[in-house]
Each structure stands twice: as C-alpha cells, then as structure tokens.
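S.K.: Below: one structure in structure tokens.
Taken together, the values in this text are just the output of simple stated rules run on the coordinates, not laboratory data. Just so it is clear, the structure is predicted and the values come from calculations on it, not from any experiment. Here the Cβ positions follow ideal geometry from the backbone for every residue, glycine too, while neighbour counts run over all protein chains shown.
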Amino acid sequence: MDSSRYIAKHVVNLPKSGIRDFFEIVSKMKDVISLGIGEPDFDTPWHIREAGIYALEKGKTHYTSNLGLVELRRAINKYVEKNYSVSYRPEDEVIITVGVSEALDLACRALINPGDKVMFHQPCYVSYHPSITLTHGIAVPVPTFAKDNFALTVEALRAAWQPGCKLLMLNLPCNPTGGTCDRAQVEAIAKFAVEKDLIVLSDEIYSELTFEGVHTSIASIPGMKERTIFLHGFSKAFAMTGWRIGYACGPAGLIEAMMKVHQYSMLCASIISQEAAIEALLRGEDAMKKMRDQYHRRRDFIVRRFNEIGLKCHLPRGSFYAFPDVSVTGLNEKDFAVSLLQAEKVAMVPGTAFGANGAGFCRACFATSYEQLIEASNRIERHVQSSAKK
Amino acid sequence: MKPIVKLLLEGGSLNTAQMAQVLKLSEAEVNRQLDELKKEGVLLGVRPVLNLSQEDSGLVRAVIEVRITPERGGGYNRLAERISRFDEVESCYLMSGGYDLLVFVNGASLQRVAAFVSEKLSTIEGVLSTATHFMLRSYKENSFLIEGKAAENERLKVSP
C-alpha cells in the first residue's frame, strides 16, 4: 500500500530541512569537528539540574495548570521586567510552553487564518517558514543583508510588504546570522508595525547573548506591548536545550487564545523543567554571564580568523553563530560545506538551509572549545588555500 | 584581568602556540608574558591535575587543623610560612573559626604523614594542637570531577 497518498497535501509540500540533509552526511563520518551545532557546548549549570532532581524527589510528577506554575510565571514577570523593561501580569499574560518553538507554533495557530500573510526576515531559523505554511498562512520573506550586518531594516520591510500582511516575526539576535538591531532600528520597526497594523511575534531566545550594546525588546517600545507577543525560553542563555522549556508573554486575549491550543495539544510543559526553570531565573544569572563571556571571547577569535583566512565575516553582535561569506572560494555554500567536510572534516551549515538568500554564506557555531575552534580554523584556512590553487 | 590570565583560567590545556593564535600574539610574546606573570607572582606555576586513585600511587593525603599562638608584630604569618615550607605541605590556609591553620599534607605512607605531624609539626614552638584527618577518597580535584563526563558531551553533530 502506498501510504504517502494519505499524507496531508500541505505536509507533503513542506520542504525537508536543509539541516537534515547535511546532518545525514555528517553523521556518517567520524572525527568531525562540528561547527554545525545549534546549541551550547556547556551542560546545564549544576544548581539548575539539581533543582530538577529535587523536584523529582519531592514528588513533582503531576500536571501543572495549563498556563504553567504560577511561581515560574511570577519569576518570569520579574526577570522580563528587569531585563526587557516590560511587565506582564503572571495571572493572564504569561504562558509556559515546551520550548520557544511551541510558543511560536501556538502563536501561529492562534492568530493565522488561511491566507493571512506573515512577514519574517531571512536568513532565519529553519522553522519559521514551515510554521506559517502549516497553519495555512502565506510566508512573506524580508531579506537582510551582510552590508547591514544582517540587521532588519525598515526599507526592506517596506519593499516586501503587501496588502494582507498581518504578522511580523522577529528573531533578534538572529540564528543563523548573529545580526540584531539597535534601539533606533527597533523603534523604526515598531513604527512600521503600528503603521501597517501588524502583530509582532518577537522571538528573543538569543537576547541574553548580546555582546555589544544593550538588547532592546520591541515589546518595550511605547505602544508595542499591546501588539507584541514576546517569545523566550531557557535553551540558549541557560544551556537548557534538552529541557524543552520556554514561554510567551503578551496581551491577555492573545495569551488566552494560545492557551486554548496549548491545553488541547500539550496540556502543560514538563513540571520538572518548570521547577528547574524557576531556579535558572532566580539564581542562574552568574552562570549565564560566565557562559556569555566565554562565547564573547570565542566569537572574537573565530570572526578574526575567518577574516584572516579571507572569508569575509561581519561581527555578530549576538547569538553564538558567525556567518562568513564563502563565495570568495568560487564555490557555492553547499559545495564549499561538503568539500570542507570531505577534505578537512569540519562541518559548517550551508547558509541556504536558512533561506534562499543565505546563498554564499555558511553558519559556524562558536559554542565549542578553544581547542576545537583553533583546529577548525586552521583546517578551514588550509582548505581555502588549496581551493584557491585549483 | 589581563587577557592571558583569562585565557589560562578558561582555556584549560592550550599550549603556548594555541594561546598565541587566540591572543593574536607571537609565541615568543606569549612566553614573555607568562614569564612576567611568574615574576609578578601572579602565575605560581602550572601543574597537571591527576586522578591519583587510578595511578595506585600509594600517596596518603591528610588535612590537619592546627591551632597556633599568634605573635606580636607578625600575627600568624611567621609560623604559617614556616609550616608551609615543608615539602609534605601541599597547601596551607589561615582560617576563621575553631582553629587557625588548615594544612593539606601528603606523604608516601600513613607512617610518613604521622611522623611529619608528630615529629615536625607538633613540635614547633607556638603550635598548640593538631587534629589530623586522613582523606579516604576524592570526588573532585581542582574543579575536575573524578568520575568525569566524556570530554565531548553528546550533542547532535548538526542541529538547527
């Protein structure tokens, strides 16, 4: 029996993630230095893990309320108020989700009618486009450019906008480019969102990992709280990827709508992860800053090395990704990544995995040890030189 | 904190050539800066951290609480420095609380360590009392776990 004919059309038409293709190749090879990873190299700080263990010991093995533990929502209110200058009522403006990915999915499912148009900047995280497609929305990509250090500009937004646009997804700092926007740029985007009556889904998962200047949340711009869903989680800043824990904050009506979808699909996030997340917010700041400082210095090293090698690379202001331009080698990003992998056993992800306009770039994650970064950069240098000779 | 000190603390086991690459200095300059740190007394030395239970070294380690009489002019310093000079003494700290010095000692056998305490340490003029605790097992050494995790944690090789 041909089972494929039973699959929903919009799922059949969903393209396979470029990351998965590349993963298939890399996973078959041994002794690869991988700069293709999208998560911290640190394990979750022990005091946070210990809080999870303690929760289990105390019999915290039950459902929580759909919105999540009220203690965690209170802690989120305090944390967001302190670090993002915007306040959300724990009672009805905060929902705990299974990673920021679920929060994004909930927002899409709660807000998108079939045919609604959703703007998002590209290159971007791999799930944005599919999240829109799966909810029968129409994706409207907005390009960002190396010349702007991959910041999102209002000019690009204006050029891409079309009637019927309802939502704008932001991811600042951005995976895979590390690009972000300063306050003036965020204010300009906010003004545009008000002008075009857009609801903003702001995924700020990398915001703690901002190395220069201060991160500005669009939700904190006057007039924006009412039209913004602030999406965040614990994966990157607190090295908690495997715990699958995130949250969304926004106007009570929108959170209520997201909660409806959440209660019928996920019910609630894991209580163990919620308990650990409380510990992360209350006492995790020192460990988080320590990790950030290390990413910062590793970023300085790897970006300098890319530029020395001749692969032009802007300084990513946030995240743990560098996004060097590999077109100087004469190869496209895929051929470069594959040949680098075969010749030198270093993995970088081709930029087109994050959207068509990632062409010519590769993503290099610098959340890995100095030894690995040094060795990887030397191998990349050798590969670029030997490619040039050909 | 100087960049090279930060790197020493965080870079673990980088050799000087690797340090030079990270700091964008020549290897000679890295060596010069390391020498300077030694001269300044900031960098006391570099030692490997070993799991001695694996080596079956027979090494016996003890922690000794020592009460001493402070002296006019120097407080505890003269006696503490005198005790620190013994080769058997690994570390020596002045403490608040029920005793004055906490002395980490090692020796080739129980008898050697016992002899050090009874013949050398306790007989020093000004040492009022000692309480010796022998170490049975080590779980963490200088921030390294003895039952350590694998060097590379189990991350997927490529992830979004």
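S.K.: Report P(r) for segment A:46-283: all Cα-Cα distances, bin width 10 Å, range 0 to the bin holding the largest distance, values in whole percent.
M.R.: Distribution as computed: 8, 34, 37, 17, 4, 0 percent.
S.K.: Related question: What are the ³J(HN,Hα) values, in whole Hz, obtained from phi via the Karplus relation 6.51 cos²θ - 1.76 cosθ + 1.60 with θ = phi - 60°, for each residue of segment B:59-76 in sequence order, with x given for Gly and Pro?
M.R.: 5, 10, 10, 9, 10, 10, 8, 10, 9, 10, 8, x, 10, 5, x, x, x, 8
S.K.: For A:Lys16, go through the aspartates and glutamates and keep the ones whose alpha-carbon is under 16 Å away, minus same-chain ones fewer than eight residues off.
M.R.: A:Lys16 reaches A:Glu24.
S.K.: Let me ask you something else. Kindly write out, for segment A:249-256 in residue order, the coupling ³J(HN,Hα) from the Karplus curve 6.51 cos²θ - 1.76 cosθ + 1.60 (θ = phi - 60°), rounded to whole Hz, with x marking Gly and Pro.
M.R.: Karplus values, whole Hz, x for Gly and Pro: 10, x, x, 3, x, 6, 4, 4.
S.K.: Give the cross-link partners of A:Lys78 among the aspartates and glutamates, using a straight C-alpha distance below 18 Å as the criterion and excluding same-chain residues fewer than 8 apart.
M.R.: Correct list for A:Lys78: A:Glu91, A:Asp92, A:Glu93, A:Glu204, A:Glu208, A:Glu275, A:Glu279, A:Glu285, A:Asp286.
S.K.: Starting from segment A:31-109, pick out the chymotrypsin sites (Phe, Trp or Tyr not before Pro) whose DSSP state is loop and whose Cβ has at most 10 other Cβ atoms within 10 Å.
M.R.: Working: sites: A:Phe42, A:Trp46, A:Tyr54, A:Tyr63, A:Tyr79, A:Tyr84, A:Tyr88; in loops: A:Phe42, A:Tyr63, A:Tyr88.
Listed in order of number, the matching sites are A:Tyr63.
S.K.: Taking only Cα atoms, what is the 0 to 90° angle, nearest 10, from helix B:27-40's long axis to the longest principal axis of chain B?
M.R.: 20
S.K.: What do you get for the angle between helix A:70-84 and the principal long axis of chain A? Use alpha-carbon atoms, 0 to 90 degrees, nearest ten.
M.R.: Roughly 50 degrees, rounded to the nearest 10.
S.K.: Just add up the charged neighbours of B:Ile83: K/R +1, D/E -1, any other residue whose Cβ is under 15 Å from the Cβ of B:Ile83. Before the final figure, lay out each step's value.
M.R.: Values: positive: B:Arg67, B:Arg78, B:Arg82, B:Arg85, B:Lys120; negative: B:Glu65, B:Glu71, B:Glu81, B:Asp87, B:Glu88, B:Glu90, B:Asp100, B:Glu119, B:Glu125.
Here the charged neighbours net out to -4.
S.K.: Quick one: pull the percentage of alpha-carbon pairs in chain B with a separation above 21 Å. Don't skip to the answer; put the middle values down first.
M.R.: Values: 7955 of 12720 pairs.
It works out to 63 percent of all Cα pairs.
S.K.: What is the magnitude of the charge dipole of the protein assembly as shown about its Cα centre, with +1 placed on the Cβ of each Lys and Arg, -1 on the Cβ of each Asp and Glu, and no other charges, expressed in debye to the nearest 20?
M.R.: Working: 65 positive and 64 negative charges, 168 e Å.
Value, rounded to 20: 800 debye.
S.K.: Near the amide H of A:Val140, under 5 Å away, which other amide H atoms are found, from residues 5 or more places off or on another chain, if H is placed in the peptide plane?
M.R.: Distant-sequence amide H within range of A:Val140: A:Val118, A:Met119, A:Phe120.
S.K.: Would you work out the relative contact order for segment B:2-143, in percent, from Cα pairs under 8 angstrom that are 6 or more residues apart? Walk me through the intermediate numbers first.
M.R.: Numbers: 154 pairs, mean separation 35.0, N = 142.
Across segment B:2-143, relative contact order equals 25 percent.
S.K.: Let me ask you something else. Note down the magnitude of the dipole of segment B:58-136 about its Cα centre, charges +1 on Lys and Arg C-beta and -1 on Asp and Glu C-beta and zero elsewhere, to the nearest 20 debye. Could you put the intermediate results ahead of the total?
M.R.: On the way: 8 positive and 9 negative charges, 5 e Å.
The dipole magnitude comes to about 20 debye.
S.K.: Which value in deg cm²/dmol, rounded to the nearest 500, describes the helix-derived mean residue ellipticity at 222 nm for chain A, given -39,500 (n - 2.57) per DSSP H run of n ≥ 4 and division by the residue count? Could you put the intermediate results ahead of the total?
M.R.: Values: 13 runs with 165 residues, N = 390.
Calculated mean residue ellipticity at 222 nm is -13500 deg cm²/dmol.
S.K.: I'd like the mean, over residues of B:10-22, of how many other protein chain beta carbons sit within 10 Å of each residue's own Cβ.
M.R.: Numbers: counts 7, 6, 3, 3, 4, 1, 0, 1, 6, 2, 0, 8, 10.
Mean shielding count: 4.
S.K.: Also, quick follow-up: With θ set to phi - 60°, apply the Karplus curve 6.51 cos²θ - 1.76 cosθ + 1.60 along segment A:368-377 and write out the HN-Hα couplings as whole Hz, x wherever there is a Gly or Pro.
M.R.: 8, 5, 3, 4, 5, 5, 4, 5, 4, 5
S.K.: Per residue and in cubic angstrom, what volume does the convex hull of the Cα atoms of segment B:58-136 have?
M.R.: Values: hull volume 6.3 nm³, N = 79.
It comes to 80 Å³ per residue, whole-number rounded.
S.K.: Can you tell me which lysines have their Cα less than 21 Å from the Cα of A:Lys166? Leave out same-chain residues fewer than eight positions away.
M.R.: Cα-Cα hits under 21 Å: A:Lys117, A:Lys191, A:Lys196, A:Lys225, A:Lys260.
S.K.: Still on this model: Hey, got the average number of other protein chain Cβ atoms within 10 angstrom for residues in A:357-370?
M.R.: Numbers: counts 0, 0, 0, 0, 0, 0, 1, 0, 3, 0, 1, 2, 7, 10.
Mean shielding count: 2.
S.K.: Output the pairs from A:Lys28/A:Lys290; B:Lys6/B:Lys39; A:Lys312/A:Lys334 with a Cα-Cα distance over 28 Å in this structure; if there are none, say none. Before the final figure, lay out the partial values.
M.R.: Numbers: A:Lys28/A:Lys290 34 Å; B:Lys6/B:Lys39 18 Å; A:Lys312/A:Lys334 17 Å.
Flagged as over cut-off: A:Lys28/A:Lys290.
S.K.: So what is the relative contact order for chain A, in percent, with contacts set as C-alpha pairs under 8 Å and at least six apart?
M.R.: Working: 728 pairs, mean separation 91.1, N = 390.
It rounds to 23 percent for chain A.
S.K.: Mind jotting down a quarter of the surface of the convex hull over the alpha carbons of segment A:31-150, in square nanometres, one decimal?
M.R.: Its Cα hull, projected and averaged over all orientations, spans 12.0 nm².
S.K.: Hey, got the Cα dimensions of the protein assembly as shown along the principal axes, in Å, largest first?
M.R.: Rounded to whole Å, the extents work out to 92, 63, 57 Å.
S.K.: Tell me the angle of helix A:333-344 to the major Cα principal axis of chain A, expressed in degrees between 0 and 90 and rounded to the nearest ten.
M.R.: That helix lies at roughly 60 degrees to the long axis.
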